[in-house]
Amino acid sequence: MTTTVAAYAAPAAKAPLERTTIERREVGEFDVLIDIKYAGICHSDIHQAREGWGEAIFPMVPGHEIAGVVEAVGSGVTKFTVGDNVGVGCMVDSCRACENCEAGLEQYCLKGNVGTYNAIGKDGEPTYGGYAEKIVVDEAFTVRVPDGISLDEAAPLLCAGITTYSPLRHWNVGPGRKVAVVGLGGLGHMGVKLAAALGAEVTVLSQSLRKKDDGLRLGASHYYATSDEATFEELRGSFDLILSTVSAPLNLDLYLSLLKTDGTFVNVGGPEEPVALNLFSLIAGRKTLAGSGIGGIRETQEMLDFCAAHGLGAEIELIRADQINEAYERVLASDVRYRFVIDTATI
Ligand code: NAP
Ligand code: ZN
Ligand code: ZN
């Protein structure tokens with residue numbers, strides 16, 4: 001039997017989100033039914049609800065930063081029991097057989113992973129995300145929220161946390177490495193916390209100095225405004241790694257000039273427009289331009305355990321469901337400190 005649950009959905013592209021109800025599938029053999037407590041608002045929710053990344057599926061229930069409590073489990077579930085604190089991120093399934101899935105890189109599944117929302121599940125039905133009271137997810141795509149991280153501060157880790165942790169680990173960020181984080185929003189603030197916890201010397205590159213005190217408190221040693229041209233003069237050739245979390249197109253040539261020889265610029269931001277690049281910006285200094293997408297399930301669990309061990313969670317502003325549309329406008333205006341999280345009890 002399916003379960004009817006209340007949710008917030010965009011009925012059409014660019015339309016405001018409104019309260020509705022959706023059906024969750026019957027709890028299958030390997031499924032867990034999660035009572036969602038908190039859902040983070042990721043900028044990707046806004047890109048998709050407004051069709052900034054191309055045609056999308058409506059009605060859309062966004063939300064891929066989900067934290068809650070297990071309410072029921074299928075007969076074959078072994079990882080979880082009723083009452084466990086759990087999380088769900090950006091994907092709820094993949095082929096589980098290709099070389100990337102075998103390597104724990106389900107986000108790069110060669111057949112395409114199944115998104116938590118705005119996707120078609122293996123049952124042929126559209127998936128609906130976390131702005132809802134409950135969700136049914138296969139245990140293989142559910143992770144454990146360790147004791148020591150409250151569920152509200154854990155929710156954003158399921159996307160913002162793993163999306164920054166994965167590249168920082170892949171490019172071996174640690175003591176002695178100079179890392180710049182571009183954009184101090186949801187992803188950026190976790191990038192700063194995680195890079196600092198990994199032992200790197202962290203610099204924030206933000207549009208202004210408005211959030212400087214926060215940046216330093218979060219773990220950065222230096223903070224610069226990118227609106228000031230002198231910043232690019234002063235910092236030329238400074239960084240081993242630049243992690244860009246910016247949601248809009250950037251002047252890549254300018255940022256590449258800030259790398260040391262052999263440095264890497266990793267982009268995780270998802271601008272809606274293509275960017276231009278002068279390839280000489282890479283040639284001079286043997287630089288690398290790279291991208292990274294979320295992280296695999298195993299690595300997501302590793303990230304949560306790392307956060308628990310280091311006392312890290314997201315800095316959040318808890319909102320009611322009827323404030324979602326207002327929160328979207330504030331995210332678009334870079335007015336977020338540093339993640340809006342919906343208290344799903346208010347749906
Ligand atoms: P966010 O909270 O809005 O943060 C983005 C930050 O970028 C802003 O706070 C702002 O920081 C800076 N920024 C915004 N517009 C800018 C502009 N025109 N020029 C320069 N800087 C600008 O968004 P988020 O949730 O962290 O997501 C960031 C991006 O990553 C989005 O595009 C999202 O879709 C994408 N994303 C990608 C993945 C992945 O797997 N690769 C996963 C999640 C999200 P300052 O105010 O400090 O300048
Ligand atoms: Zn996200
Ligand atoms: Zn696969």
Query raised in the report: Of the trypsin sites (Lys or Arg not before Pro) in region 258-294, which ones lie in a loop per DSSP and count no more than 11 other C-beta atoms within 10 Å?
Result: ARG286
**Report entry** Lys, Arg +1 and Asp, Glu -1 on Cβ, resulting dipole of region 269-328 about Cα centre, debye, nearest 20
**Finding:** 440
Report task. Note the full-extension length gain between ASP322 and THR2 as 0.36 nm times their separation in residues minus their Cα-Cα distance, in nm to one decimal. Result -> 112.6 nm
Report summary line: Listed residues ILE34, ILE162, ILE149; largest mean-square fluctuation, Gaussian network over the chain with Cα springs below 10 Å, found at ILE149
**Report entry** Within-10-Å neighbourhood charge of ILE22 [Cβ basis; K, R +1; D, E -1]
**Finding:** 0
Report task. Could you grab the Rg to Rh ratio for region 122-186? Cα atoms only, Kirkwood for Rh. Result -> 1.06
Query raised in the report: Using 7 Å Cα-to-Cβ label points, what is the LEU277/SER227 separation (nm, one decimal)?
Result: 2.9
Query raised in the report: If you build the Cα gyration tensor of the chain and take the root of 5 times each eigenvalue, what three semi-axes come out, in whole angstrom, biggest first?
Result: 34, 21, 19
Query raised in the report: How do the peptides 244-250, 151-157, 83-89 rank, highest first, by the average count of neighbouring beta carbon atoms within 10 Å per residue?
Result: 151-157, 83-89, 244-250
Query raised in the report: Taking the simple approach of a point 7 Å from Cα along Cα-to-Cβ for both LYS111 and THR346, what is their distance in nm?
Result: 4.1
Query raised in the report: For labels at ARG25 and ALA333 in the simple 7 Å Cα→Cβ model, what's the distance in nm?
Result: 4.1
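Quick note: the coordinates plus some simple rules give every number you see, no bench work behind them. Treat the numbers as computed from the prediction; the structure is a model and nothing was measured. When we count neighbours, we look across all protein chains shown, and the Cβ atoms used for this are built from the backbone with ideal geometry, even at glycine.
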